[in-house]
Structure formats: structure tokens, C-alpha cells
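Below: the structure, in C-alpha cells.
What follows is calculated from the coordinates using simple rules that are stated; it is not laboratory data. No experiment lies behind these values; they were computed from the predicted model shown. Reconstructed Cβ throughout: ideal geometry from the backbone, glycine too, with neighbour counts over all protein chains shown.
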Amino acid sequence: MDEKDLELLRILEENSRLSQEDIATMTNLTTGEVAARVQALEAARIIQGYSTVINWEKAGNDEVAAIIELKVSPERDFGYDRIAERLCRFRQVKTLRLITGTYDLQIIVTGKNMQDVSRFVSEHVAPMDRIRETATHIVMKTYKENGNAFFEQPEMERLPYSP
Amino acid sequence: MRNFISGRATEIPPSGIRKFFDLVLTMEDVISLGVGEPDFRTPWNICESSIYSIEQGTTSYTSNRGLQTLRDGLSRHLEHSYNLRYDSNNEIIITTGVSEGLDIAVRAITDPGDEILIGQPCYVSYGPCVTLAGGMPVPVPCVEKDHFKLNPDTLAEKITKKSKALIISFPNNPTGAVMTESDLKAIADLVIDHDLLLISDEVYSELSYEKRHCSAATVSDLRERTITLNGFSKAYAMTGWRIGYLCAPKQICDAALKIHQYVMLCAPTMGQVGAVEALRSAEEDKNSMVNEYRLRRNLFVAGLNRIGLPCHVPEGAFYAFPSVEKTGLSDVEFAEQLLKEQRVAVVPGSVFGEGGAGHIRCAYAVSREKLNEALRRMEIFIGGLKL
């Protein structure tokens with residue numbers, strides 16, 4: 001990892017669909033060097049994947065998302081790791097973090113509807129060993145995700161010429 | 001009826017971009033590379049603190065010099081960023097943009113008949129400000145073979161007994177040129193030998209891509225004879241807020257302050273509050289904008305060279321200044337035809353004074369998508385010329 005790698009990561013994080021030619025020109029690398037560096041970052045699992053930020057509400061999808069906070073008793077020798085990994089295996093769990101505060105783990109879950117989500121929590125999450133308490137918050141609306149604001153901002157108006 | 005217009009107002013030239021302005025208003029789908037300001041919105045924390053201050057009723061005048069907290073913050077910022085030491089009580093004035101700072105600086109030091117040397121190409125207001133102050137602007141051309149730096153030999157040729165001051169601006173609008181410490185030392189020798197004053201407009205100082213900006217007043221013994229001008233417009237995307245500052249030794253600062261208090265009273269209060277917040281919390285916003293400009297510059301300058309418009313790599317500001325001489329068109333013809341035929345707006349270099357002819361100024365403070373589209377259109381335009 002060097003300064004160039006960090007620069008590539010910042011560029012890709014913002015927009016992973018730029019052409020390698022443009023990335024190469026912007027970073028003063030050759031196209032070949034960009035390809036090799038990106039491949040190495042992928043191989044090292046520093047780049048974990050590429051995805052698209054979608055405003056599903058706008059796409060007419062009525063899936064429900066919920067943020068669920070969990071109180072967990074940590075395990076000797078493993079802390080929260082084993083239970084976290086177990087939770088990660090569920091397709092419904094999109095995001096999982098260990099957090100400070102009243103709760104220990106926070107997961108973001110999606111489902112077809114409210115019943116779907118609550119069934120998942122009550123049948124699969126809450127009964128798990130070592131989970132002592134859950135608090136489920138249904139997401140009502142997403143305004144911003146991964147740095148992308150979901151509301152329209154008017155184009156900035158600038159004079160066509162200014163000295 | 002008499003002609004009421006003063007000789008001085010008659011003497012200053014009309015804006016060189018007026019004609020393009022009128023033309024572009026009649027057109028649609030224009031990509032403008034003619035804008036000398038950031039395309040980013042002001043970071044929200046800055047806006048928010050200003051809005052809050054209005055809600056709190058902070059809407060009256062500030063002291064002539066500007067808010068104490070802002071001057072204190074600037075004093076620390078200048079020392080930390082550029083090793084510049086200015087006393088916040090006696091050596092800093094908050095101005096209504098750098099434009100006002102330049103005006104009061106020039107008026108504070110110019111007597112009728114004084115010659116004011118101006119490194120050109122440069123921002124369009126330097127010459128007219130000198131004329132309005134009763135001085136005589138003397139252009140010192142900075143040329144492409146010097147990478148648009150100010151050449152000490154050219155400067156020496158222009159110095160006369162009447163020379164009073166030199167105005168420079170690096171990183172430069174429109175060329176993007178920067179001056180390193182050693183470049184500035186050669187200029188400092190001349191300025192000191194001929195007992196000149198230096199006005200250094202450093203509004204693009206934060207937009208230095210290769211090296212840390214070297215502020216003129218830190219070079220040799222220039223500080224005692226330098227007026228440093230800077231502002232928040234470019235670095236923090238705050239052009240409309242109109243907040244600049246003037247820094248100079250007390251005696252010069254006092255003279256400028258007298259003019260400032262009579263013509264401006266104080267810079268806009270809400271703008272000053274925003275500027276305090278900019279210094280306090282917008283460092284990361286600034287860095288990410290500067291980084292984006294650098295990426296765009298690399299993309300755009302490589303593109304210009306590829307399509308046949310030779311362009312040196314500008315090390316600062318957000319302008320590329322390619323030569324259009326190979327096309328056989330003058331810079332004004334090129335800019336006009338490019339706008340009419342391919343709807344890309346650029347500014348002819350001659351607008352910015354001597355040394356600018358034969359070049360066009362392209363501001364790359366627009367999105368990468370627009371830059372790529374502008375390059376595509378420019379390539380078609382140039383291809384058409386060769387037929």
C-alpha cells in the first residue's frame with residue numbers, strides 16, 4: 001500500500017465505474033499499472049466488491065429495512081466474533097457492526113415486508129444463544145446512503161463567464 | 001448637457017468577456033469552462049453556522065477591521081500554513097473579497113504618476129484599479145517559455161525611477177503558474193534593490209498541487225514591504241460570500257484601513273461568521289475539493305495535449321492555459337468559433353493582458369463528465385479547422 005493505492009481506492013470508492021484510461025490519466029499511471037494495482041487490491045481483499053447505490057423507494061420496491069440493536073453476552077476467548085460471524089451468514093443481514101453504548105451489535109436487515117422482518121428477528125435472531133435483548137427500528141425513509149443524498153438538489157447556478 | 005463621465009472611468013477598458021457573455025445567453029447546452037469559481041457548494045457546516053448566526057441576530061456591523069475571532073483565526077492559520085506571521089490586532093483587515101483588498105491596497109500606496117508594475121497575464125482588475133487610483137499600470141509579461149513565471153530580467157527592464165510597486169498573483173489566474181521560493185528570491189532582490197512595494201494576491205494559495213505554496217512575504221526581507229492578499233472564495237468554495245483579507249505591516253495596514261472604513265465600513269457580517277467556521281472545521285472539505293481539482297487537472301490537461309492544444313501542466317489554481325497558435329486562429333477567434341460551433345465556452349487569453357494572447361483559459365472547476373464532453377467537442381472543432 002502506497003500513496004497511489006490510497007488514491008486509487010478513494011477514486012474507486014466514489015465511482016467504481018470510471019474507465020481505466022481516465023483513472024490512469026488522473027493518477028499519472030499507465031493503464032497497465034492501474035489494472036495491476038486494482039487486481040492486487042482485490043486479491044488482498046482490500047477491495048471487497050463493487051456495488052451500486054440504489055434508491056429502491058424510487059424504483060417502486062416496497063422492501064422493508066430495519067436497524068436492529070442487540071445486547072450480546074460475549075464469549076470467552078472469542079468475544080463477539082463467533083456470534084457476529086453466525087449472524088453474517090443470514091442473507092437478510094446486510095450490515096453488521098460492533099458498537100459502543102447500550103447495545104453491542106447493530107445489524108441492518110431487509111425483508112419483503114414488516115412481518116417478514118419481524119419473523120426473521122423473532123425466529124432467528126432473538127432466540128440465538130447469548131443474545132439477551134433486541135431493539136428493532138423500522139427504516140421509514142432513507143435520505144442519504146454511503147455519501148449519496150437521495151433528495152434532488154437544484155443545479156448550482158453560476159455565471160457562464162467570470163474572470 | 002456636459003459629459004459627466006470622468007476621464008478615469010472613460011480610460012479603463014470595458015470587460016473583454018462582455019461580448020461572449022451576450023452570445024452565450026442566446027445559446028443552449030453550452031459547457032462553460034469560462035467560470036472562474038469553484039463548482040462545489042460551500043461546505044454545509046459553514047452555511048449552517050452563518051444561518052444560525054442570522055437567527056441569533058448577528059446582523060449588525062462588525063469593527064472596521066473585521067471580527068476579532070476571524071482575525072485571530074487567520075493569524076494562526078497563516079502561521080501554520082505558510083509560516084506567515086501577522087498580528088491580528090494591527091496587521092490584518094477583513095475585506096469584501098480580495099477585489100476590495102486589492103483596491104484599497106493600490107489606493108493606499110499610489111500617488112498620481114506612480115508606475116505600478118503588474119505581472120501579466122493576470123486577473124482583469126489589477127490594471128483598472130491602478131488607473132482609478134491615478135497610477136500608471138506597467139505590464140510585465142510572463143511568457144510560456146518561462147512556464148508563465150515572472151522572469152526577473154523582464155521585470156528589471158520595466159523598472160524605472162517612477163516605479164512604486166509590483167503586483168503579482170501566484171498560483172496564477174489564468175495560467176495556473178506557481179512561483180517557488182527560489183523563483184521569488186530573484187524577484188525579491190529586484191524589489192528590494194529598487195525600493196519597491198510588493199502586492200501579492202495569493203487567493204489560489206490553497207490550490208497548489210505539487211508543492212506547498214510559498215508566500216511571498218516569507219521570502220528574503222520582503223515582509224516589511226509586502227501586502228499579502230488572500231480570501232476564502234477559491235479554497236472553500238465561498239465566492240458569493242465576499243470575504244477576503246489584507247495583511248501588511250502596521251503602517252501600510254493603517255493606511256489601507258482608513259480607505260476601507262470610508263468606502264466599505266466592514267465586510268459582510270454573515271460572511272465573516274462563515275469564514276470563522278471555515279477555518280474551524282472545513283479543512284477536510286477543502287482538502288477533498290483540492291484533491292478533486294488535481295484529478296480533473298490531470299485528466300483535462302492530458303486531454304488538451306492529446307487533441308492538439310499544447311498545454312503545460314499548471315501547478316496551481318484551476319485553470320489550464322493551452323496555446324491555440326497551431327490552429328491558425330487568434331485566441332479571440334478560437335474562443336468565439338468554438339462557442340458558436342461546438343458550444344464550449346472558454347476565455348481568450350488576451351483578456352488577461354500581455355503574455356496571454358494566443359492562449360485560451362479553460363477553468364476545470366467543472367465535473368469530470370463535463371470535462372470529457374468538452375474535450376470531445378473541442379476535438380471535433382479542431383478537426384474541422386484542419387479540413
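The table that follows gives values for the structure above.
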{"read-out": "Residue that is surrounded by fewer than 18 Cβ atoms within 10 Å (Cβ to Cβ) and either over 21 Å from the mean Cα position of the chain (by Cα) or farther than 25 Å from B:GLY240 by Cα (or both), where the choices are B:LEU371, B:LEU265", "value": "B:LEU265"}
{"read-out": "Residue under evaluation B:MET270, criteria (1) under 19 Å from B:SER233 (Cα atoms); (2) under 22 Å from the mean Cα position of the chain (by Cα); (3) assigned to a helix (DSSP H, G or I); (4) aliphatic (A, V, I, L, M), criterion not met", "value": "(2)"}
{"read-out": "Selection count where residues are charged (D, E, K, R) and assigned to a loop (DSSP other than H, G, I, E, B), scope segment B:88-103", "value": "1"}
{"read-out": "Among residues of segment B:16-65, those that are more than 25 Å from the chain's Cα centre (by Cα), β-branched (Val, Ile, Thr) and within 14 Å of chain A (Cβ to nearest Cβ), counted", "value": "1"}
{"read-out": "Residues of segment A:59-80 satisfying the condition of being closer than 19 Å to A:VAL109 by Cα and of a type outside the set (Gly, Ala, Ser)", "value": "A:ASN61, A:ASP62, A:GLU63, A:VAL64, A:ILE67, A:ILE68, A:GLU69, A:LEU70, A:LYS71, A:VAL72, A:TYR80"}
{"read-out": "Residue list for segment B:1-48, filter: among the small types (Gly, Ala, Ser) and part of a loop (DSSP other than H, G, I, E, B)", "value": "B:SER6, B:SER15, B:GLY16, B:GLY34, B:GLY36"}
{"read-out": "Residue list for segment A:8-22, filter: more than 9 Å from chain B (Cβ to nearest Cβ), under 24 Å from A:GLU145 (Cα atoms) and either in contact with a strand residue (DSSP E or B) (Cβ under 9 Å, 6 or more places away or on another chain) or surrounded by 15 or more Cβ atoms within 10 Å (Cβ to Cβ) (or both)", "value": "A:LEU8, A:LEU9, A:LEU12"}
{"read-out": "Test result for A:GLU63, within 30 Å of B:ALA345 (Cβ to Cβ) and acidic (Asp, Glu)", "value": "no"}
{"read-out": "Hits in segment B:142-164 (condition: buried (at least 19 other Cβ atoms within 10 Å of the Cβ) and not in a helix (DSSP H, G or I))", "value": "B:CYS142, B:PHE148, B:LYS149, B:LEU150, B:ASN151, B:SER163, B:LYS164"}
{"read-out": "Count - residues of segment A:109-163 that are more than 14 Å from chain B (Cβ to nearest Cβ), in a loop (DSSP other than H, G, I, E, B) and either hydrophobic (A, V, I, L, M, F, W, C) or in contact (Cβ under 8 Å) with a residue 60 or more places away in the chain (or both)", "value": "8"}
{"read-out": "Within segment B:47-89, tally of residues that are touching an Asp or Glu at 6+ places or on another chain (Cβ under 6 Å) and surrounded by fewer than 18 Cβ atoms within 10 Å (Cβ to Cβ)", "value": "1"}
{"read-out": "Residue selected from segment B:208-238 under the condition among the charged types (D, E, K, R) and assigned to a loop (DSSP other than H, G, I, E, B), by the criterion surrounded by the most Cβ atoms within 10 Å (Cβ to Cβ)", "value": "B:LYS234"}
{"read-out": "Residues of segment A:56-75 classified as among the small types (Gly, Ala, Ser) and surrounded by 14 or more Cβ atoms within 10 Å (Cβ to Cβ), total", "value": "2"}
{"read-out": "Residue, surrounded by the most Cβ atoms within 10 Å (Cβ to Cβ), within segment B:335-355, restricted to residues that are assigned to a loop (DSSP other than H, G, I, E, B) and either within 12 Å of chain A (Cβ to nearest Cβ) or among the aromatic types (Phe, Trp, Tyr) (or both)", "value": "B:VAL346"}
{"read-out": "Answer residue from segment A:15-32, given it is in a helix (DSSP H, G or I) and touching a residue at least 12 places away in the same chain (Cβ under 8 Å) and is farthest from A:ASP2 (Cα to Cα) among those", "value": "A:GLN20"}
{"read-out": "Check on B:LEU304, over 22 Å from the mean Cα position of the chain (by Cα), among the aliphatic types (A, V, I, L, M), surrounded by 16 or more Cβ atoms within 10 Å (Cβ to Cβ) and under 24 Å from A:LEU8 (Cα atoms)", "value": "yes"}
